[in-house]
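Engineer: Right, I'll just put the structure down here and ask away after.
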Amino acid sequence: MHVSRREFCKAAAVGAVATIALPALHTLAKTDSPNPIVGVEGHQYRVDHQWAKLPDKYRWQTTHNVAVDSDGLVYVIHEGRLSQKDHPAIFVFDADGKFVRAFGEQFQGGGHGIEVHPENGKDQLYVCAYQQQRSFAKLTTDGTELWRQGAPMESGFYAEGEDEFPRSRRDNPWGRDRFLPTNIAFHPDGGFFVADGYGGFRIHRYDADGKYQSSFGTPSDDQLADGTFNTPHGVWIDSRGETPTIVVADRANARLQWFTLDGKHLRTQDEFLLPANIDTFGELMLVPDLVGRVTLLDGDNNVISHLGDNSKLMAADSSRGIRGDESKWQPGKFVHPHDACFDANGNIYVAEWVATGRVTKLTRL
């Protein structure tokens with residue numbers, strides 16, 4: 001998870017405008033208990049920041065993303081440290097927060113995105129890694145690696161060697177000709193899309209066997225033209241309408257963009273801060289926003305509620321000191337939501353970009 005001070009300050013300015021533009025929302029937030037209730041009438045959730053129970057032999061590292069499988073097991077991925085090669089980057093918990101297993105040592109030093117995808121009646125894991133581990137991979141849910149690959153060199157976008165990993169910190173340049181994938185979404189035909197959110201600022205399409213097909217999008221270069229990106233951090237297939245579309249969390253441009261499955265731009269929605277990813281449940285859409293809130297949208301993409309809204313405090317914290325000071329964390333308020341997803345019952349899991357790790361369960365009421 002990389003975010004510049006300029007990016008964070010820009011989000012604060014955008015947030016000031018967005019707060020004025022959005023309609024007033026009747027929020028129910030009881031913060032006088034360690035498990036407050038957040039949301040609005042009809043969409044209320046009980047917060048449990050201490051949901052996950054980790055064995056003493058492991059340590060929380062910087063948490064990044066979270067996913068749920070068909071059995072209700074929750075997968076949490078950490079960036080980890082390349083120097084701790086024997087420590088797993090992926091922890092698995094049941095719905096009650098009981099630890100189940102751990103694996104993914106090969107992603108230490110770059111663990112980022114994680115998604116679950118059912119294939120032939122069996123769940124499979126897809127992982128994106130950045131920093132020193134710039135690659136993406138497919139695994140079984142018990143951690144067996146099926147394949148792993150680096151940059152799609154045949155695309156013509158990348159510098160020589162960008163398909164190699166891991167890298168040392170000294171040999172770890174960033175730029176638009178570099179490959180630093182962040183998240184994955186699944187095409188209805190069985191293939192998938194990879195968001196190169198920190199490197200080339202493009203979305204790559206692959207077939208079901210992991211073979212490169214095509215790309216769409218270009219870097220924004222400080223312009224806000226539709227179909228261009230500045231940190232396309234999250235990607236998702238929006239199946240709420242008659243025709244599935246691709247939605248991209250264009251984070252540093254503070255917006256979501258929708259595209260056809262062939263990559264043609266359809267629409268853009270502003271009034272976000274630093275949108276990091278997307279998930280859907282029925283008609284609902286969930287957008288974790290790095291500046292202290294998780295936004296819940298209805299089927300028409302109107303804001304229902306900003307869950308755990310702490311955006312004013314976080315926007316003012318340009319030095320990001322709160323991120324490293326747990327004494328300033330408030331029950332029912334988020335610090336840096338980096339990913340969020342629904343389970344089959346509509347409960348929500350939120351992973352925050354904090355060095356000590358935090359995964360919160362929002363139980364649907």
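Engineer: Mind checking which lysines have their C-alpha under 22 Å from Lys57, skipping anything on the same chain fewer than 8 residues away?
Structural biologist: Within reach: Lys85, Lys98.
Engineer: Where is the GNM fluctuation largest for the chain (alpha-carbon springs, 10 angstrom cutoff): Ala316, Ala249, Ala151?
Structural biologist: Residue with maximal mean-square fluctuation among Ala316, Ala249, Ala151: Ala316.
Engineer: Under 5 Å between amide H atoms, partner at least 5 residues away or on a different chain: which partners does Gly200 have, H built in plane at 1.01 Å?
Structural biologist: For Gly200, whose amide H was placed from the backbone, the distant partners under 5 Å are Arg178, Leu180.
Engineer: Now for a separate question. Amide H to amide H under 5 Å from Asn183: which residues, 5+ apart in sequence or cross-chain, H placed 1.01 Å off N in plane?
Structural biologist: Placed amide hydrogens put Ala195, Gly197 under 5 Å from Asn183.
Engineer: Turning to a different aspect of this structure: Using a basic spin-label model with each label point 7 Å from the Cα along Cα→Cβ, how many nm lie between Thr140 and Asp270?
Structural biologist: Between Thr140 and Asp270, the label points sit 5.0 nm apart.
Engineer: Short version: ³J(HN,Hα) in whole Hz for each residue of region 68-80, in order, from phi by Karplus 6.51 cos²θ - 1.76 cosθ + 1.60 (θ = phi - 60°), x for Gly and Pro, what are they?
Structural biologist: 10, 8, 5, 8, x, 6, 10, 10, 10, 10, 10, 5, x
Engineer: Report, in deg cm²/dmol and to the nearest 500, the calculated mean residue ellipticity at 222 nm for the chain, where each DSSP H run with n ≥ 4 adds -39500 (n - 2.57) and the sum is divided by the residue count.
Structural biologist: Working: 2 runs with 23 residues, N = 365.
Taking each H run of at least 4 residues, the total per residue is -2000 deg cm²/dmol.
Engineer: To continue, here is another question. Taking a probe of 1.4 Å, how large is the accessible area per residue of the chain, in Å²? Mind dumping the intermediate values first?
Structural biologist: Details: 14830 Å² over 365 residues.
On a per-residue basis, 41 Å².
Engineer: Taking the Cα centre of region 122-196 as origin and charging only Cβ (+1 Lys, Arg; -1 Asp, Glu), how large is the dipole, in debye to the nearest 20?
Structural biologist: Working: 9 positive and 12 negative charges, 59 e Å.
Once rounded to the nearest 20, the dipole reads 280 debye.
Engineer: Next question, about the same structure. Let me confirm the definition first: pairs of Lys residues in region 238-365, 8 or more apart or on different chains, C-alpha distance under 23 Å. How many are there? Before the final figure, lay out the partial values.
Structural biologist: Details: Lys312/Lys328; Lys312/Lys333; Lys312/Lys361; Lys328/Lys361; Lys333/Lys361.
So the count of such lysine pairs works out to 5.
Engineer: How long are the semi-axes of the ellipsoid equivalent to region 67-206, from square roots of 5 times the Cα gyration tensor eigenvalues, in whole Å, largest first? If you can, show how the numbers build up before the last one.
Structural biologist: On the way: eigenvalues 128, 71, 23 Å².
Result for region 67-206: semi-axes of 25, 19, 11 Å.
Engineer: Same structure again: Leaving out ligands, DNA and RNA, and with a 1.4 Å probe, what % of the accessible surface on the chain is carbon or sulfur?
Structural biologist: Numbers: 6860 of 14830 Å².
Roughly 46 percent, rounded to a whole number.
Engineer: Once Rh for the chain is found with the Kirkwood sum over Cα pairs, what is the Stokes-Einstein diffusion coefficient at 10 °C and 1.306 mPa s, in µm²/s?
Structural biologist: Values: Rh = 20.2 Å.
It comes out at roughly 79 µm²/s.
Engineer: Additional query: For region 145-279, what is the charge dipole size about the Cα centre, in debye to the nearest 20, if Lys and Arg each add +1 at the Cβ and Asp and Glu each add -1 at the Cβ? Can you show the working numbers first?
Structural biologist: Values: 14 positive and 22 negative charges, 51 e Å.
Using Cβ point charges on Lys, Arg, Asp and Glu, region 145-279 gives about 240 debye.
Engineer: If I take R0 = 35 Å and measure r between the Cβ atoms of Asn301 and Asn35 in this structure, what FRET efficiency does the formula 1/(1 + (r/R0)^6) give, to the nearest 0.05? If you can, show how the numbers build up before the last one.
Structural biologist: On the way: r = 30 Å, r/R0 = 0.85.
E(calc), rounded to 0.05, equals 0.70.
Engineer: Can you bin region 213-365 into rounded, prolate or oblate? Criterion: square roots of the alpha carbon gyration tensor eigenvalues sorted a ≥ b ≥ c, rounded for a/c under 1.5, prolate for a/b above b/c, oblate for the rest.
Structural biologist: Working: a/c = 2.17, a/b = 1.36, b/c = 1.59.
Cα axes put region 213-365 in the oblate bin.
Engineer: Using θ = phi - 60° and the Karplus curve 6.51 cos²θ - 1.76 cosθ + 1.60, what whole-Hz ³J(HN,Hα) does each residue of region 303-310 get, with Gly and Pro shown as x?
Structural biologist: These are the phi-based 3J(HN,Hα) values: 6, 8, 6, 9, 5, x, 4, 10 Hz.
Engineer: Calculate, in nm to one decimal, what Trp60 and Arg81 gain on full extension: separation in residues at 0.36 nm each, minus their alpha carbon distance. Provide the component values of the computation, followed by the final result.
Structural biologist: Values: separation 21, 0.36 × 21 = 7.56 nm, distance 1.14 nm.
Residue separation times 0.36 nm, minus the Cα-Cα distance, leaves 6.4 nm.
Engineer: Let me ask another. What distance in nm lies between label points placed 7 Å from Cα along the C-beta direction at Thr260 and Arg101?
Structural biologist: Result for the modelled spin labels: 4.2 nm.
Engineer: Can you list residues whose amide H is under 5 Å from Arg358's amide H, if they're 5+ apart or on another chain and H is modeled 1.01 Å from N?
Structural biologist: Sorted by chain and number, the residues that satisfy this are Thr63, Glu352.
Engineer: Per-residue HN-Hα couplings for region 270-276, Karplus 6.51 cos²θ - 1.76 cosθ + 1.60 at θ = phi - 60°, whole Hz, x for Gly and Pro?
Structural biologist: With coefficients 6.51, -1.76 and 1.60, one gets 8, 6, 9, 9, 9, x, 9 Hz.
The values are calculated or read from the model by the stated rules, or taken from the named source; none is laboratory data. Everything quoted here is computed from the prediction, not taken from an experiment. Every residue, glycine as well, gets a Cβ built from its backbone with ideal geometry; the counts of neighbours run over all protein chains shown. Protein only, heavy atoms only, side chains kept; ligands, DNA and RNA dropped before computing areas. Shrake-Rupley method; radii C 1.70, N 1.55, O 1.52, S 1.80 Å.
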